[in-house]
Amino acid sequence: MPPSKPYKKAVILGAGGFIGVNLAQALDAQEYRLVCFDQAVSPHWPKSAATIAGDFAEMPVGLLNELDHSLVFHLISSCRPVANTLQAAAEVNHDLVTTLRYLEETKARDLCWVFMSSGGTVYGHNDDDRIRESSPTNPVCSYGVLKLAIERYFALYRQLHATDYVVVRAGNPYGPWQNPLGGQGIIAAILYKALKNEVVEIWGDGTNVRDYIYISDLVQGMLAVALAGKAGETYNIGSASGLSINQLIDIIGQTLNVHLKVKYSPARYIDVKRNVLNTTKLIELTGFKPAMNIYSGIEMTTSWLRDNYKL
């Protein structure tokens, strides 16, 4: 399906993170006029990109001026999935309240928001073989509740002000530029431990199933949603196939030709048993399908980790 959005300018909020760096490189390759925003300028952003560094909550004037006539990719999140609410109030204030201030500021302006939500935590415990966008949303952690709340406010602003936006609910991305020590991204974390011959800790018995998608596939899916997605709609982006953590450990062991040392710890409530995304809606709209298989993706991620972490 051909693109329906006229913009040739893109602004990435949270461009210094794993997804942001990869998205920036893809947008630059497609010759977008690109603006990268984060707390600090990243050396990994394209040379041609305009860069803005600052505090998201302070709404820098230079950033606000750049939002007009743009695809605005909202990737900023101050939290991650954890089994407590210690920082919930601060996270709501930073992420939800600040996003609302941006929505209010831009409600009469010409731009399209692409909000990166969560393809796992917003659904919560679900017995479906593949979860559809219309499936019930029952978050089991503050992170998921916060993402869902932001989604709902985008919907409210569309109803009241015709705000143009789409929501991305992504599977578990992995690949180059993911920090293996950042607390998110199980493939990078396991690979790092395996390459250092350290013990891999698994919460539960390793039978939990997840949907893993290579970062270049996720980025291409995001671009497909940004350009052809219907305003106000939500789109899953994943591989549409699931792997248990134990299967993932076996694949990584085969790829590295090593036997991983694994320690199993008690399961946590936030770790749902199965989360595999149904991507039919995106496929029917754009024809998008992931190109990378898990074996090749893990090989490429391993190569990147070796080069960048001296492993």
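Nothing in this text is a laboratory measurement; each read-out follows from the coordinates by a stated rule. Predicted model only: the values in this text are computed from it and were never measured. Cβ: placed from backbone, ideal geometry, glycine included. Neighbour counts: every protein chain shown.
With axes computed from alpha carbons, what is the tilt in degrees of helix 142-161 against the longest principal axis of the chain, rounded to the nearest 10 within 0 to 90?
Rounded to the nearest ten degrees, it is 20.
Excluding residues on the same chain fewer than 8 positions from Lys9, give the lysines whose Cα lies under 20 Å from its Cα.
Leaving aside lysines fewer than 8 places away in the same chain, those within reach of Lys9 are Lys47, Lys107, Lys230.
Once you list every other residue whose beta carbon is under 13 Å from the beta carbon of Val272, what net charge do they have if Lys and Arg are +1 and Asp and Glu are -1?
In short, 0.
Provide, for q = 0.31 Å⁻¹, the log10 of I(q)/I(0) from a solvent-free Debye sum over equal Cα point scatterers in segment 153-209.
The calculated log intensity ratios at q = 0.31 Å⁻¹ are -1.25.
Given 25 °C and 0.890 mPa s, compute D for segment 126-278 with the Stokes-Einstein relation, Rh being the Kirkwood radius over Cα pairs; round to the nearest whole µm²/s.
143 µm²/s
For segment 241-311, state which trypsin sites (Lys or Arg not before Pro) are in a DSSP loop and have at most 15 other beta carbons lying within 10 Å of their beta carbon.
Here the sparse-neighbourhood loop sites are Lys261, Arg268, Lys273, Lys310.
At q = 0.13, 0.16, 0.17 Å⁻¹, work out log10 I(q)/I(0) for segment 81-189 with the Debye formula, treating every Cα as an identical point scatterer and leaving solvent out; two decimals please.
Taking Cα atoms of segment 81-189 as identical point scatterers yields -0.58, -0.86, -0.95.
Return the long-range amide H neighbours of Asn172 (sequence gap of 5 or more, or a different chain), with a cut-off of under 5 Å between placed amide H atoms.
Asp211, Tyr212, Ile213
Identify the residues of segment 130-160 with backbone N under 17 Å of a label point that sits 7 angstrom from the Cα of Arg268 along the Cα-to-Cβ direction, or state none.
Zone members listed by number: 139-147.
Can you give the Kirkwood hydrodynamic radius for segment 43-104, in Å, rounded to one decimal and based on Cα pairs?
By the Kirkwood definition, the hydrodynamic radius is 13.7 Å.
Which ³J(HN,Hα) values, rounded to whole Hz and listed in residue order, are derived for segment 184-200 from phi using the Karplus coefficients 6.51, -1.76 and 1.60 in 6.51 cos²θ - 1.76 cosθ + 1.60 with θ = phi - 60°, glycine and proline given as x?
Ordered by residue, 3J(HN,Hα) equals 9, x, 5, 5, 4, 5, 5, 4, 4, 4, 5, 5, 9, 6, 9, 6, 9 Hz.
How large is the convex hull of the Cα atoms of segment 194-311 per residue, expressed in Å³ as a whole number?
121 Å³
To the nearest whole percent, what portion of all C-alpha pairs in the chain is separated by more than 29 angstrom?
Percentage above 29 Å: 34.
If R₀ is 22 angstrom, what is the calculated FRET efficiency for the pair Lys107 and Arg132, using the beta carbon separation as r and rounding to 0.05?
It comes to 0.15.
Net charge around Ile213, counting only other residues with Cβ within less than 15 Å of its Cβ (Lys, Arg = +1; Asp, Glu = -1)?
+2
Pull up the DSSP beta bridges for the chain and report the antiparallel fraction as a percent, rounded to 5.
Among the beta bridges of the chain, antiparallel pairing accounts for roughly 5 percent.
Across the Cα atoms of segment 1-154, what radius of gyration and what greatest pairwise Cα-Cα distance (Dmax) are found, in Å?
Spelled out, the Cα radius of gyration and Dmax of segment 1-154 are 16.2, 46 Å.
Please compute the length gained on full extension between Glu284 and Asn179, using 0.36 nm multiplied by the number of residues separating them and subtracting their Cα-Cα distance.
Full-extension gain reported as 34.5 nm.
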